Structures are given as C-alpha cells and as structure tokens.
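The numbers here are math on the coordinates, done by the rules we state, and not lab data. Because the structure is predicted, anything quoted here is derived from the model rather than measured. Quick reminder, even Gly has a Cβ in these numbers, built from the backbone with ideal geometry, and neighbours come from all protein chains shown.
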Amino acid sequence: MATGVKPRVKVPKTAAAGDVITIKTLISHKMESGNRKDKDGNKIPRSIINRFTCDFNGTSVIDMTMYPAISTNPYVEFQAKVDASGEFKFTWYDDDGDIYEAAKSISVS
Amino acid sequence: MKLTRRDALAMGLGATVVAMLPMRLSAAADDAIMAYTGGAEAGEGDITLTAPEIAENGNTVPIGVAAPGAVEIMVLALANPSPDVALFKFGPAAGAQAAKTRIRLAGTQDVVAIAKMPDGSFIKTSQSVKVTIGGCGG
C-alpha cells in the first residue's frame, strides 16, 4: 500500500460550451523505477503508478500508460473539450493495486 | 607524404568503423520503434515533440507532445534502461491530441514520439536532449 499519495488537480471552474480547457494534474508518488539500489546493492523493486485516466461525464478524455521513466510526483497536463456542465473524474492506478481518485466539477454556460 | 601500406590499411579500417557505427545505433532505435508499431514504418507528419535541448536534471525533464487527429502517442527514450516512457490515448472528450508531462532520462539521448493515426499509420518525430545529471538511478 503506497502511503502519502495525494492527488492535486487544476480545472477551470467555468467555461463556455465548446471551449477547450487545460487541465493540470499532479500526484505525489515516489515512482520507484526498479533501477535504484539500496545500500546493500540490492535493487529496490519497481512500484509506480502505471495508468492515469480522466473522464468527463463518463466520456474518456485521456488514458495514459505510465512507465518507470515518468518522474517522481507525476505531472500530467492535457486538454479537454467541454460542451455541458459536469464532472471530471481522475483515476490513478498503482502497481500495488491501489487506486487513487479525484473529481472536479465545471460549470459550462 | 608517401602513402605506405600501413597507412592505407589504417584508413580502410577507420572508414569501415565509421560506416558501421551509425548503422548499429539506428538499428537499436528502430527496434524500439518497431516494438511499438508492430513492424510498421513511421513516417513524417504533423507531430510535435517539445523537450529542452539541455536538461539540467535527468530526474525531471519536461516534455510535451502534440499530434492533431492522432489516436494515441507513444514516447520513447532510446537510451534509458527501458525505452518506454509513456503512452497517451486520447478519448472523444479530449480537446486536443496533446499532453505534457515530466520524464526521467538516464543520460544524453534521443527522445522519440510516435503517433498512431486513425487509419492505422504511424508518424514520428524525435529530439536529442543533453542531460547533465542522469535520472534513472543506475
């Protein structure tokens, strides 16, 4: 179980219908690549977030597969098109089976 | 200066090594790209990879990719312990087929972005990034 994992998401509060908005996401996670060695010379096993998805009102915006080459505290910035008010759901999937979620609403006029 | 047999031999050997070198390097690169495309060639197209020319810290290198109309974009770092970096799949609600993230680069190398288009074809672009401190823990 990965501890201290905290997601942070930045979504505009309002937008006009048809707008393309920028969404910024950050999650605190060590992203242990599996290449580091501990002081005895043993490899520290890989333990990363391997997938990040974002849906808007149930429709997929982005589905990103992450590999060990993604930096610690993964930052992902992307664009979404909004045509109606609704909710963004963000999900991060950990190697160890944990799932981290966040949600943000947006009001579209 | 008189061209001795020794000199001619040295020149010949040197020329062969130089000719072979670029072929060997791009073969490894092509392997990684082929692994993603499943053997298909990736050509030129409207795909952009934004990455710094010099990355101060290989542990966190900001990159951006964009390929209008693409179904997904794969990012590879050819000289990392493992070349796969990220695979971005864009859904119907995406505002643009573009994304930014931060990656680890083990050392100076080429970063490659390959986009899969709706018709099944692939386009690619690459950029060389100089890394002063490597970021893969090796």
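Here are the numbers for the structure shown:
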| read-out | value |
| --- | --- |
| Rg/Rg_ref, region A:1-45, where Rg_ref = 2.2 N^0.38 Å and atoms are Cα | 1.96 |
| Proxy reagent accessibility, fewest Cβ within 10 Å first, across A:85, A:105, B:126 | A:105, A:85, B:126 |
| Ascending count of other beta-carbon atoms within 10 Å, so fewest first, for A:82, B:112, A:108 | A:108, B:112, A:82 |
| Over 13 Å [Cα-Cα, region B:63-103], rounded percent | 51 percent |
| Distance (nanometres) between label positions extended 7 Å along Cα→Cβ at residue A:30 and residue A:42 | 1.4 nm |
| Exercise: per-residue mean of other protein chain Cβ atoms within 10 Å, A:77-85 | 4 |
| Cβ neighbours within 10 Å from other chains - mean over B:100-108 | 5 |
| Charge sum, other residues only, whose C-beta stays under 15 Å from residue B:71's C-beta, Lys/Arg counted +1 and Asp/Glu -1 | -1 |
| Neighbourhood charge, 14 Å Cβ-Cβ cut-off, centred on residue B:100 and excluding it, Lys, Arg +1 and Asp, Glu -1 | +2 |
| Two-decimal log10 I(q)/I(0) for region A:1-107, as the Debye equation yields it once each C-alpha is a single scatterer, q = 0.24 Å⁻¹ | -1.27 |
| Column: log10 I(q)/I(0), Debye, Cα scatterers of region B:5-131, q = 0.15, 0.22 Å⁻¹ | -0.71, -1.26 |
| For residue A:108, net neighbour charge (Lys/Arg +1, Asp/Glu -1) across residues whose Cβ lies under 9 Å away | -2 |
| Sites residue B:128 and residue A:98, calculated FRET efficiency, Cβ-Cβ separation with R0 35 Å, nearest 0.05 | 0.45 |
| Relative pair counts by distance (%), Cα atoms of the protein assembly as shown, 5 Å bins | 1, 6, 13, 15, 16, 15, 12, 8, 5, 3, 2, 2, 1, 1, 1, 0, 0 |
| Gaussian network model of chain A, Cα within-10 Å springs - most flexible of A:39, A:81, A:89 | A:39 |
| The protein assembly as shown - mean residue ellipticity at 222 nm from DSSP helices (-39,500 (n - 2.57) per run, n ≥ 4, rounded to 500) | -5000 deg cm²/dmol |
| Average beta carbon contacts from partner chains per residue of A:22-29, 10 Å cutoff | 1 |
| Sequence ranges B:79-90, B:58-69, ranked by mean other-Cβ count within 10 angstrom, highest first | B:79-90, B:58-69 |
| Loop-located GluC sites (Glu not before Pro) in region B:38-138, at most 15 other Cβ atoms within 10 Å (DSSP) | B:41, B:44, B:53, B:56 |
